[in-house]
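*Asks:* Before I ask anything, let me first share the structure, which is written out below as structure tokens.
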Amino acid sequence: MSVSNLAAAAAASQQSQLQLAMQTAMLKAGHNQDMALVEMIAESAETAAKLNASAPPGTGTQLDIKV
């Protein structure tokens, strides 16, 4: 195997590692955003339950959150 072939293989491997790292980071960021939204909804539901607030007409009266 020539030096240029080895260099090309190393560059391709490095590019694949970088792509995987970027995909993982984006997946983690998306997950963190989803969890923040779930926490916000859960907090809102808990606050409403503490205040014994009724739901507006036309909306549900229960919120099922399973985490």
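The values are calculated or read from the model by the stated rules, or taken from the named source; none is laboratory data. In this text, all values refer to a predicted model and were calculated from it rather than measured experimentally. Methodologically, a virtual Cβ is constructed for each residue, glycine included, from the backbone with ideal geometry; neighbour enumeration extends over all protein chains shown.
*Asks:* Name the residues in the stretch 44-67 that are of a type in the set (A, V, I, L, M, F, W, C) and modelled with pLDDT under 70, would you? Please lay out each step first, then the result.
*Replies:* Kept after step one, since they are of a type in the set (A, V, I, L, M, F, W, C), are these residues of the stretch 44-67: 45, 48-49, 51, 53, 55, 63, 65, 67.
Correct list: Ala53, Ala55, Leu63.
*Asks:* Can you list residue pairs whose Cβ atoms sit under 8 Å apart, with the first residue in the stretch 14-36 being on the phi < 0 side of the Ramachandran plot and the second being surrounded by 10 or more Cβ atoms within 10 Å (Cβ to Cβ)? Count only pairs 6 or more apart in sequence or on different chains.
*Replies:* none
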